[in-house]
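For reference, the structure discussed in these notes is given below.
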Amino acid sequence: MRREQEAPVQHATSPGTGPSRCTERGQRPAERQSCPPRPCPLRNALALPRGPGNKEAMNTDTVAAAKALVEHYLDRVMAPDLEGARACVSDGLEITFTGGRRFDAPEETTAFNARRYAWVKKRIQRTDACRDPETGDVYVYNTGTLFGAWRDGTGFDGNRYIDTFVVRDGLIIRTEVWNDSAEILLDRAGLAEAPL
């Protein structure tokens, strides 16, 4: 299913412009105040009982619920509804963003994107997932392309991306983000080894 969604560019919450609802900018994770607990609306569907029974049905339900959770999370991040996005992630969330940058909250990636893009949208092409039978974790892969404009106003389209997620007990515990932005910027600067 193809959808176009606006990515999380929120200039009002970029670093130095004030606190977010639950954290103070510039604080390290250990110094932050926790958000009040808000369950993700899809969490109950993911917290399926483990044990004997119809393992095939449980696996199918768990995988489908994890895919729905990730798509809901991406919808919330891109709305942007960062409180809604935080409701879908675990305490101790690990985010590895492009270039190996480490974050631990959705609003940090939003602030990063606001420094790179004037605006950006996603064309989600597909979401795939599989369940690890030993741990019960579900690995979710969301792929598509980005389009938008760089900070100088120059447009771009067809920027491939893949976002990977690990879902455990109904919450996202880890996500990693890759895209072609660096390759496109190298090409624009005349530094690419071959034409794109």
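Computed from the coordinates by the stated procedures, all read-outs in this text should not be read as laboratory data. Predicted model, so just to flag it, every value in this text is computed and none were measured. All Cβ positions, glycine included, derive from the backbone under ideal geometry; neighbour counts span all protein chains shown.
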request  = Enumerate the calculated ³J(HN,Hα) couplings along region 70-84 in order (Karplus 6.51 cos²θ - 1.76 cosθ + 1.60, θ = phi - 60°), each rounded to whole Hz, writing x wherever the residue is Gly or Pro.
outcome  = 4, 5, 5, 4, 4, 4, 5, 5, 7, 4, x, 10, 5, 5, x
Positive minus negative residues near residue 191 (Lys, Arg vs Asp, Glu; Cβ under 15 Å) = -3
key: Estimated D of region 55-192 in µm² per second, where Rh is the Kirkwood radius over Cα pairs and Stokes-Einstein applies at 10 °C, 1.306 mPa s   = 100 µm²/s
ask   = Using θ = phi - 60° and the Karplus form 6.51 cos²θ - 1.76 cosθ + 1.60, what ³J(HN,Hα) does each residue of region 138-143 get, whole Hz, x for Gly and Pro?
value = 10, 9, 10, 10, 10, 10
message = Could you tell me the relative contact order of region 95-196? Use alpha-carbon pairs under 8 Å, at least six residues apart, and round to a whole percent.
response = 22 percent
inquiry  = Sort 128, 180, 187 by Cβ crowding within 10 Å, fewest neighbours at the top.
reply    = 128, 187, 180
key: Residue order, fewest to most beta carbons within 10 Å, for 96, 154, 110   = 154, 96, 110
request  = Quick one: which residues, 5 or more positions from residue 144 or on another chain, have an amide H under 5 Å from its amide H? H modelled 1.01 Å from N in the peptide plane, none for Pro or chain starts.
outcome  = 125, 161
remark   = Ranked on Cβ counts within 10 Å of their own Cβ, fewest leading, 88, 130 go 130, 88
request  = Just subtract the alpha-carbon distance of residue 91 and residue 185 from 0.36 nm times their residue separation and send over the number in nm, one decimal.
outcome  = 30.4 nm
